[in-house]
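Below is one structure, written out as structure tokens; comments come after it.
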Amino acid sequence: MKRFRFIDLFCGIGGFHQAMESLGGKCVFACDIDEDCRKTYEANYGIAPAGDITKIYAAEIPPHDVLCAGFPCQAFSKAGKRLGFEDETKGTLFFDVCRIMEYHKPKYALLENVRNLASHDHGNTWKVIHDRLEKLGYSLLPEPVIFSPHYIGIPQHRERVYIMCVRKDIGEIKPFSFDKTKIPSCSIETILQNDDEIENVQEYRISNDMENLINLWNEFIQSIDVEKLPGFPIWTDRLCELDPTEDLSQYPSWKQNFIHKNNELYLGNKKFIKTWLKRAQKNPLFFGAKAKLEWQAGNNGTPDIWNQIFQLRPSGIRVKVNSYFPALVAIVQTSIIGSRRRFLTPRECARLQSFPDTFKYDVKPAQAYKQFGNAVNVDCVKLFAKHMFGIN
């Protein structure tokens, strides 16, 4: 495997490409349905990816040694079980991966997917995938490997499923194991840019109103009288007396529980909360999700949001310990670095996905964030490719 040819299906912006090329691979074909991804891919690798995989004949794809695919997870037909694998997977993009593997019979295939694939449809989805690949003549592990970049010291918690396939005449896939008790410590500082390195850094700063809002929430968590900070979401519209005319039984039990806990918090801190709410409601951002807080940063020392990282989520402002970032997702709203009072930059997102600083991302920030949120982590792919190839 000193030199090998690979294809990059559902290529996105080339996470697989980065990993395989670093191991001696040459890309002979790539495809992705997203036009903006195709432009970014070509700008970085000089290869113009094809478009919709469902419209590409397997015979049109050059011979290759390794197939890479981060295919979307789709439900498979339960009704088709009696009619065989092909019927069961038809209409899904996994079917297209299989037809290409069946035609070209590459020595290896490395597939990546969302964590949910492992348990999707009560395990039926994984069983269909496993059995279909095995029937195509490949050795693979009985269970998918679930792995996250933070297991190898990259400060992003992003669990994904990895499926390693070795053609049976080449050999058997060796078991893969890692010790979760020996996960290296992570630091967000390893991927952060200095502010003076960021062009137009003000574009990434949070607004004055947002800064004032966080100061208000900081005052709240530092002033309430509790043994430890609430693990439940704080809903300010529920920091009040219970309404005797409201029938709480209309809500699911989890919501009833949160309502009661917020009421208890209010009753134990009534004087402070009343005056705090009056001031908070003067902030123009204090409404909807930003009037809610989810503290997930533990109870060590004096709580301070500015020492942590936080996200603006539909469920509220979620505060996390600043050891690693939550998974990048395909939306513009990235994590806010409390100590820097700004959002993550596209370059920092690239680093979280292990792309080199030479990588040219889309000039439109919204597209860049989306593309990195959909990308595979380069170093994780490299780890599994080396295991699959038998490289120490």
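Surface calculation, 1.4 Å probe, protein heavy atoms: residue 379 sits at approximately 70 Å² accessible.
Ordered from highest to lowest accessible area with the whole protein assembly present and a 1.4 Å probe, 248, 117 read as 248, 117. Divided by 2.2 N^0.38 Å, where N counts the residues, the Cα radius of gyration of segment 160-245 comes to 2.04. For residue 245, the accessible surface of its heavy atoms amounts to roughly 120 Å² (probe 1.4 Å, protein chains only, rounded to the nearest 10).
Using C-alpha pairs under 8 Å with a sequence gap of at least 6, the mean separation divided by the residue count of the chain gives a relative contact order of 16 percent.
I need the semi-axes of the equivalent ellipsoid of segment 266-352: take the C-alpha gyration tensor, multiply each eigenvalue by 5, square-root it, list largest first in whole angstrom. Show your work: numbers first, answer last.
Details: eigenvalues 147, 49, 24 Å².
For segment 266-352, the ellipsoid semi-axes come out as 27, 16, 11 Å.
What does the extension gain come out to for residue 358 and residue 202, with contour length at 0.36 nm per residue minus their alpha carbon separation?
Between residue 358 and residue 202, full extension yields an extra 53.9 nm.
Compared with the dominant Cα axis of the chain, that is its longest principal axis, helix 124-135 is turned about 20°.
Legend: P(r) of the chain from all alpha carbon pair distances, 10 Å bins from 0, whole percents, reading 4, 20, 26, 22, 16, 9, 3, 0. If R0 is 35 Å, the Cβ-Cβ spacing of residue 300 and residue 257 corresponds to a FRET efficiency of close to 0.85. In this simple spin-label approximation, residue 313 and residue 52 carry label points 7 Å from Cα along the Cα→Cβ vector, and these lie 3.6 nm apart. Angle of helix 35-45 to the longest C-alpha principal axis of the chain, folded into 0 to 90 degrees and rounded to 10: 70°. Compared with the dominant Cα axis of the chain, that is its longest principal axis, helix 365-374 is turned about 60°.
Computed from point charges on the beta carbon alone (+1 for Lys and Arg, -1 for Asp and Glu), the dipole magnitude for the chain about its Cα centre is near 420 Debye.
Within the accessible area of segment 251-392, what % is carbon and sulfur when the probe is 1.4 Å and the other protein chains stay in place? Of the solvent-accessible surface of segment 251-392, carbon and sulfur hold 52 percent. Averaging the sequence gap over all C-alpha pairs within less than 8 Å and six or more residues apart, then dividing by the number of residues, gives segment 320-392 a relative contact order of 34 percent.
Out of all DSSP beta bridges with both ends in the chain, state the antiparallel percent to the nearest 5. In the chain, DSSP labels about 55 percent of beta bridges as antiparallel. A simple spin-label model places pseudo-atoms 7 Å from Cα toward Cβ; at residue 222 and residue 237 they are separated by 2.9 nm.
The values are calculated or read from the model by the stated rules, or taken from the named source; none is laboratory data. Bear in mind that the values here come from a model prediction, so they are computed numbers and not experimental data. Cβ: placed from backbone, ideal geometry, glycine included. Neighbour counts: every protein chain shown. Note: areas computed on protein heavy atoms with side chains; ligands, DNA, RNA excluded. Shrake-Rupley method; radii C 1.70, N 1.55, O 1.52, S 1.80 Å.
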